[in-house]
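One structure is given below, encoded as structure tokens.
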Amino acid sequence: MEKENLDLNYNSVSEIKALLDLMGLGPRKRWGQNFLINKGAREKIIRLLELQDNDKLWEIGPGLGAMTKLAASYPVDFTVFEIDPGFVEYLTRAMIEFDRFRIVTGDVVKTWQAEYENHGIPDKVLGNLPYNAASAIIASFVEHNILPSRLVLTVQSEMGDRMTATEGQKNYSSFSILCQSAFDIKDCGVLNPGSFYPVPRVSSRIVLLTPHGKYQNMKDRKLFQILIRDIYVSRRKTIRNNLNAMAGQRFARFGQDVLHQVFEEEGIDLGWRPERIKVSQFVSLADRLADKDPERKDEKDQK
């Protein structure tokens, strides 16, 4: 690959196409690859990160490096996670001048934990997330309580709506609750389909996530995650009906009476639907259940 091919105009679809042809690559649908060709949007994302000297920065899905080169101009320790071997090869050569730059190859959901164990939690995270994997990526961070000080991400507009929805709204879901249990989430603007190549069928949003620290003392984080997931399996059913189903499955150790009791103690009408329950109430419900959990009691008795 000649040197001039590494100095890519990231705003030019024709140059991106030419480079992909030269490399024998193309946008892979199975990995949800869409390149952000909107220069203003890229610059906005980097500004929102508020990078400081010596920040530990992660980027998810750098692709051909459109935002990567912008971010690498700051004096940061920079790690990128890229699943496509062709892009890894390109970035290895295109980023050779940056000595505080590392590439982790593979699916970020499967690779970030080893990076964290070896090098610690990042200060900042950015990513133009693939539509088909964004929720899994974000959830993997929250579920493991990995909460960088700022995450600036592009996601499908519908997902952005889910992340920011509050109780009672149609987009409020278990994913809304999971995200909001860890982060304050700010909608930082819509990106129209023309901001990307290939042009997706839907618009995107830039979202800023900052940890609020409200629920760091949650008694059983895993129990909370299972609770919000299971009670939304049948979101159109009443809480009572959902609890009755849950008592016969992963919450069988509590029994129907205890499940009903903790919801009633929280002041929740069992005739409601799950989308009426606030994030803070779900945290309180999980804590109440943790206090009554026979499995936790057995663990304490064994110590």
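Worth a mention:
- Only one of the numbered conditions (1) in the same structural domain as Ile121 (by TED's automatic domain parsing); (2) surrounded by fewer than 19 Cβ atoms within 10 Å (Cβ to Cβ) is not met by Lys222, and that is (1).
- Candidates Ile177, Ile228, Ile206 - the one that is among the aliphatic types (A, V, I, L, M), touching a Ser or Thr at 6+ places or on another chain (Cβ under 7 Å) and closer than 19 Å to Lys278 by Cβ: Ile228
- Unmet criterion (only one of (1) exposed (fewer than 14 other Cβ atoms within 10 Å of the Cβ); (2) of a type in the set (Gly, Ala, Ser); (3) within 16 Å of the chain's Cα centre (by Cα)) for Gly213: (3)
- Flag for Ile60 being under 25 Å from Met23 (Cα atoms), buried (at least 23 other Cβ atoms within 10 Å of the Cβ) and in contact with a strand residue (DSSP E or B) (Cβ under 7 Å, 6 or more places away or on another chain): yes
- Some residue of region 152-162 being farther than 20 Å from Lys278 by Cα and touching a helix residue (DSSP H, G or I) at 6+ places or on another chain (Cβ under 6 Å): yes
- Restricting attention to region 235-247 and to residues that are free of Cβ contacts under 8 Å to residues at least 24 places away in the same chain, in a helix (DSSP H, G or I) and among the hydrophobic types (A, V, I, L, M, F, W, C), the residue that is surrounded by the fewest Cβ atoms within 10 Å (Cβ to Cβ) turns out to be Ala245.
- Count of residues meeting criterion [under 17 Å from Ile146 (Cβ atoms) and touching a Lys or Arg at 6+ places or on another chain (Cβ under 9 Å)] in region 50-61: 4
- Listed conditions (1) out of contact with any Ser or Thr (no Cβ under 8 Å at 6 or more places or on another chain); (2) without any contact (Cβ under 8 Å) to a residue 60 or more places away in the chain are all met by Asn132, apart from (2).
- Residue that is surrounded by the fewest Cβ atoms within 10 Å (Cβ to Cβ), among those in region 258-281 that are among the β-branched types (Val, Ile, Thr) and farther than 23 Å from Gln169 by Cα: Val258
Quick grid of which residues meet (1) surrounded by fewer than 16 Cβ atoms within 10 Å (Cβ to Cβ); (2) closer than 19 Å to Lys39 by Cα; (3) more than 11 Å from the chain's Cα centre (by Cα):
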site	(1), (2), (3)
Val152	no, yes, no
Met159	no, no, no
Arg162	no, no, yes
Glu167	no, no, yes
Lys170	yes, no, yes
Ser173	no, no, yes
Tyr197	no, yes, yes
Pro200	no, yes, yes
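The values are calculated or read from the model by the stated rules, or taken from the named source; none is laboratory data. What you are looking at is a predicted structure, and each value in this text was computed from that prediction instead of being measured. Note that we place each Cβ from the backbone using ideal geometry, even for glycine, and neighbour counts take in every protein chain shown.
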